[in-house]
Amino acid sequence: MSIHDPSSVGQVSIPARQTCLPVALLFSVVLALVGTTPVARGQTAAGDRAPAKANAQGYVGSAGCRECHEKFYGLWATSHHGLAMQGYTADFARRELTAQGEDIAVKQHRYRAEIGQGWVLERGPDGERKHDIRQVMGGKNVYYFLTPMERGRLQVLPVAYDVRTKSWFNTTASHVRQNLERPNEPFDWRERPLTFNTTCYNCHVSRLSSHYDPKTDAYQTIWAEPGINCETCHGPGEAHVQACRSAKAGPPPDLKILRWRDLTIDQRNESCAPCHAKIVPLSATFKPGDRFFDHFDLATLEDSDFYPDGRDLGENFTFTTWRLSPCAKSGKLDCVHCHTSSGRYRFTGDKANQACLPCHEKNVKDAASHSRHKADGDGSKCVACHMPMTEFARMRRSDHSMRPPAPAATLAF
């Protein structure tokens, strides 16, 4: 079995080997079967790029958009969306990582990332083993590293890199709440919840198909290109490219592409949700503009990714609390009011409170009086009280419930 990776040359062949299935098999099989829609490949089997050619299902890839949208391509290519997944290279290691100090102990084994050689060295009772680092995932808070394993699996390695502290840590020890049967114990790093093909895939590469075979418990996974590309949010671009190229002068009357300005507020929010919500997929056919709940089952507040008082606790899954927030309920606010399409935050520095200006003009203009903090201090920023930063698994995110501070609830829970 193999993983076809358009970001690398050729095909990675991985020998099959019989292993036991973890407790989470049923849930993961559902994910795998949902993700079996055929997709186009952004590169040939030999690694040759084919950006200008029309792909299956009318997709052209990000390179097909670059010809006319160089500015936005540049913003996207350097963003956390564009770099959500990237191949591991010596240049990446030199630019982004620092050498690991002491070995990291995980049960009976010890692990060390040899970043210059491009592998993680495992030492234990059964000897030494080298796990090649094939892909890098994330980067805003943490870099996770993926290695190819038996039956086409791409597995998250047990050591990860904290971007802020420039330190290495035990990946599995930072994910102790996700094991429903053993909530205070970490998963083994080889277990299915840390298998890229069926867990974190759709939010780090574009148009992935797991090609899971339940009879052999194996994958032949392919994806169009690494990162979350233009067509993830705008839909297939082939017809748009053809319409613009055939236009005699100026833009064509029908651009034949999904424009977010034409979507409702709910449609825009729900187009972001598949990657910013903890969900169980019900179909593999969701497209931007579709009704979210026709395709996904959304986690609610009894899930372990929320504090007992309902605030966000999980990695980056903020859609549940966002839907329950007074700002979302007002029907006046959408994700792209505060965030750009490439995932950047619009209101930084001394403009921080302008995000709240449309609905809270009085408090924004006199933030010091409202917050009882100095006007030029962090305490006078709306997000300090209404969107406090929380952290889990080395990943920081702002709480999106946007509620007033409740000291009594904090003390109680």
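Here, each number is a calculation from the coordinates, and none is a lab measurement. Here the structure is a predicted model, which means the values were calculated and not measured. Every residue, glycine among them, receives a Cβ derived from its backbone with ideal geometry; neighbour counts consider all protein chains shown.
Collect residues whose amide H, placed 1.01 Å from N in the peptide plane, falls under 5 Å from the amide H of E114; neighbours closer than 5 in sequence don't count.
Sorted by chain and number, the residues that satisfy this are W119, V120, L121.
Taking a spot 7 Å from the Cα of Y345 along the direction of its beta carbon, which residues of the stretch 77-106 have an amide N less than 13 Å from it?
Of the residues in the stretch 77-106, none has backbone N under 13 Å from the label point off Y345.
Multiply the residue separation of D290 and E96 by 0.36 nm, subtract the distance between their alpha-carbon atoms, and state the gained length in nm to one decimal.
On the way: separation 194, 0.36 × 194 = 69.84 nm, distance 3.75 nm.
Here the segment from D290 to E96 would lengthen by 66.1 nm.
For the stretch 370-408, run through the trypsin sites (Lys or Arg not before Pro) and keep only the ones in DSSP coil with at most 14 other Cβ atoms within 10 Å of their Cβ. Can you show the working numbers first?
Working: sites: R372, K374, K381, R394, R396, R397; in loops: R372, K374, K381, R394.
Within the stretch 370-408, the qualifying trypsin sites (Lys or Arg not before Pro) (loop, at most 14 other Cβ atoms within 10 Å) are R372, K374.
By its C-alpha gyration tensor, with a ≥ b ≥ c as the square roots of the eigenvalues, how is the stretch 261-345 shaped: rounded for a/c under 1.5, else prolate for a/b larger than b/c, else oblate? Could the numbers behind the result be given before it?
Values: a/c = 1.69, a/b = 1.19, b/c = 1.42.
Oblate, since a/c reaches 1.5 and b/c is not below a/b.
Put one equal scatterer on each alpha carbon of the stretch 326-400, apply the Debye formula with no solvent term, and list log10 I(q)/I(0) at q = 0.11, 0.15, 0.26 1/Å to two decimals.
-0.30, -0.56, -1.38
Need one word for the stretch 70-154: rounded, prolate or oblate. Basis is the Cα gyration tensor (sqrt eigenvalues a ≥ b ≥ c); a/c below 1.5 gives rounded, then a/b vs b/c decides.
Numbers: a/c = 2.69, a/b = 2.01, b/c = 1.34.
Prolate is the answer for the stretch 70-154, as a/c is 1.5 or above and a/b outweighs b/c.
How would the stretch 122-201 be classified by its alpha-carbon gyration tensor: rounded, prolate or oblate, with rounded meaning a/c under 1.5 and the a/b versus b/c comparison settling the rest?
Values: a/c = 1.20, a/b = 1.03, b/c = 1.16.
Rounded shape, in that the Cα axes give a/c under 1.5.
So what J values fall out for the stretch 338-346 if you push phi through Karplus, 6.51 cos²θ - 1.76 cosθ + 1.60 with θ = phi - 60°, rounded to Hz, Gly and Pro as x?
Result, rounded to whole Hz: 9, 10, 7, 5, 8, x, 7, 8, 7.
Normalise the Debye intensity by I(0) for the stretch 261-412, one equal point scatterer per Cα, no solvent, then take log10 at q = 0.09, 0.17, 0.20, 0.21 Å⁻¹ and round to two decimals.
The calculated log intensity ratios at q = 0.09, 0.17, 0.20, 0.21 Å⁻¹ are -0.31, -1.08, -1.41, -1.50.
What is the magnitude of the charge dipole of the stretch 261-412 about its Cα centre, with +1 placed on the Cβ of each Lys and Arg, -1 on the Cβ of each Asp and Glu, and no other charges, expressed in debye to the nearest 20? If you can, show how the numbers build up before the last one.
On the way: 21 positive and 20 negative charges, 109 e Å.
The dipole of the stretch 261-412 has a size of about 520 debye.
In this model, which of K215/K278; K256/K329; K71/K287; K71/K278; K107/K130; K332/K362 are farther than 22 Å apart at the alpha-carbon?
On the way: K215/K278 28 Å; K256/K329 32 Å; K71/K287 25 Å; K71/K278 32 Å; K107/K130 17 Å; K332/K362 17 Å.
Beyond 22 Å: K215/K278; K256/K329; K71/K287; K71/K278.
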